[in-house]
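The values are calculated or read from the model by the stated rules, or taken from the named source; none is laboratory data. The structure presented is a predicted model; accordingly, all values stated were derived computationally and were not measured. Here Cβ is always computed from backbone atoms with ideal geometry, including for glycine, and neighbour counts include all displayed protein chains. When the accessible area is computed, the model is the full protein with side chains, heavy atoms only, and any ligands, DNA or RNA have been set aside. Shrake-Rupley method; radii C 1.70, N 1.55, O 1.52, S 1.80 Å.
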Amino acid sequence: MKKTAVFCLVIILTFAMFLGSAFAAPAYDGEVEPNAVMLLDATTGEVLYEKNADERIYPASTTKILTCIVALENGNLDDVVTVGPEGDWSGSGYSLMGIKNGQQLPLRELIYGMMLISGNDAAAAIAVHIGGSLEGFADMMNEKAQELGMTGSHFITPHGVDTEGHYVTARDMATLARYAMQNEQFMEIVGSASYDFPSMNFTEEKQKQNTNKLLLSDVPEGDTNYYYEYTTGIKTGATPKAKRCVVSSAEKDGMKLLCLIFGDETDDGTERWPLAKSLFEYGFNNYETVDIQTLIDTVPVSVNVAGAADDDAEGGVLVLNAVNTGVDLVTMDKPMAEALKAGGLTTEVTLISGEELNAPVKAGDPVGTVVYTSTESGEKVAQAQLLASRDVNGANGDAEIIPAPVEEERAKTPEAGGHTWIWLVLGGALVLLVIFFTVGLIRAKNARMRRRNYARRRPASRSAARTRRR
């Protein structure tokens, strides 16, 4: 049992040493003028490009991403909303859906009006319906932001009109976008190029197009076509202080990317569209999201079992099942990913029992660990726990089987490259061990000193007692 306990500790420590992160591709060399920009793998969270990602910025209507997700999680799309005075923005000059005080329409239409037309009036009506008031909804927004770890952001309005104290960072908005795009209703809404608004009496037509030009394949004659076929969302924004913005998403060959651009100062924000397309192409052409378990399954691991029965069907050769104990998905350089998927992995096996595995072995027993490195670069790629795939009887048939440790849920990280919590736990455990050990030594030393002092006092005490008796 002592041996298996030590082995489990080795697994934990080895896992903690594995810091899965993107295997670097050539850096993006395009020109980037906007103030704050990010490109990241939406699945792993790996940042592929960033500029001023932690600088406080005005978010403009990208604020509505948070408004939308809070509304979806706390409301029902079929709810009928009665618009109050907060929804009447007539003559304001802002982007509007066109609703009026007293009008009734489904929450679904208001959300589409907010996300596609970017209606500030729709955002305000949604906020009061869900939160009871604009202030109450702002509290809900900030609570959700804190829950997601958006520590550099603060929200006051549901629409993003320039307001002192209403700010975000590009990194926080990337966190929000990653979370929101896991919601199927949200994905369907922000991925729509257009929507029919049956409750609205638009002067031209009930169908309105999305303000996200990356989604629009059909544009009026004479207009520039910025359509990008892999786009899946998300939201545009524009205010005097924020300038032009876009939080966009795209998916190609199973890889999902997010591109965030804040502070495009060109007329009509014409720089954000080609820049987003260029960054998306850079990501898709140079990186790949790799499933680690699928990767390590391409390299079988087997060992010879010493002392196996003579009639063993495989002649004592045991194929081992490798179970990934690191991160599930890793963003890596595309050429490296292709090479690794083609079998370009080197394995280093460590067995519980030392240099060899002895019979008998029971199916499912943990027998060791394996570390996978790139044959080409020598970089550590993954690690796994090795489990016996079948029983292997011993020659005598009565040897004791090494008991298997209780299987624990394998550790997973929330984001590739984010292992700070592991080091904190391990560091804290080490500090506690040192403290306990030190306290034990001090107590033992004090006990020895007390025994010595007591031994010295005993003869003198006896002599004094005899004197008193005389």
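Some points to look at:
- The accessible area of I352, taken with all protein chains in place and a 1.4 Å probe, comes to roughly 30 Å².
- With one equal scatterer per alpha carbon and no solvent term, the Debye-computed log10 I(q)/I(0) for the range 251-398 at 0.09, 0.15, 0.16, 0.19 1/Å reads -0.44, -0.82, -0.88, -1.06.
- Whole-Hz couplings from phi, Karplus 6.51/-1.76/1.60, listed for the range 244-252; x for Gly and Pro: 9, 9, 7, 10, 10, 9, 8, 9, 8
- For the range 180-237, GluC sites (Glu not before Pro) are listed when DSSP marks them as loop and at most 14 other Cβ atoms sit within 10 Å of their Cβ; the list is E204, E205, E221, E229.
- With all pairs of different C-alpha atoms in the average, the Kirkwood value for the hydrodynamic radius of the range 264-348 is 16.8 Å.
- For the range 30-148, the fraction of 1.4 Å probe accessible surface lying on carbon and sulfur atoms is 43 percent.
- With protein chains left intact and a 1.4 Å probe, residues in the range 236-283 average 36 Å² of accessible area per residue.
- The P(r) of the range 191-282 has a tail past 23 Å containing 29 percent of all C-alpha pairs.
- Ligands, DNA and RNA left out, the 1.4 Å accessible surface of the range 229-330 is 44% carbon and sulfur atoms.
- Mean projection area, nm², convex hull over Cα of the range 108-179: 4.8
- Computed as a quarter of the hull surface, the mean projected area of the alpha carbon convex hull for the range 32-112 stands at 7.8 nm².
- Net charge over other residues, Cβ less than 14 angstrom from the Cβ of F262 (K, R count +1; D, E count -1): -1
- Residues whose amide H lies under 5 Å from that of S302, counting only those 5 or more places away or on a different chain, are L320; hydrogens are built 1.01 Å from N in the peptide plane.
- When the listed pairs K213/K334; K334/K362; K256/K341; K100/K213; K256/K362; K235/K380 are checked against a 31 Å cut-off, the alpha-carbon distance exceeds it for K334/K362; K256/K362; K235/K380.
- The trypsin sites (Lys or Arg not before Pro) of the range 144-251 that DSSP puts in a loop, and whose beta carbon has at most 16 other beta carbons within 10 Å, are K206, K241.
- 3J(HN,Hα) couplings calculated from phi for the range 334-341 with the Karplus curve 6.51 cos²θ - 1.76 cosθ + 1.60 (θ = phi - 60°) are, in sequence order, 4, x, 5, 4, 5, 5, 5, 5 Hz; Gly and Pro show x.
- Taking amide hydrogens as placed 1.01 Å from N in the peptide plane, the amide H of G233 sits under 5 Å from those of S249, each at least 5 positions away in sequence or on another chain.
- Counting only Cα atoms, the size of the range 341-385 along its three principal axes is 37, 19, 13 Å, in decreasing order.
- Per-residue ³J(HN,Hα) for the range 373-389, Karplus 6.51 cos²θ - 1.76 cosθ + 1.60, θ = phi - 60°, Hz, x for Gly and Pro: 10, 5, 4, 6, 9, x, 6, 6, 10, 7, 8, 8, 8, 9, 10, 5, 8
- Computed with a 1.4 Å probe over protein heavy atoms only, the accessible surface of the range 37-116 comes to 36 Å² per residue.
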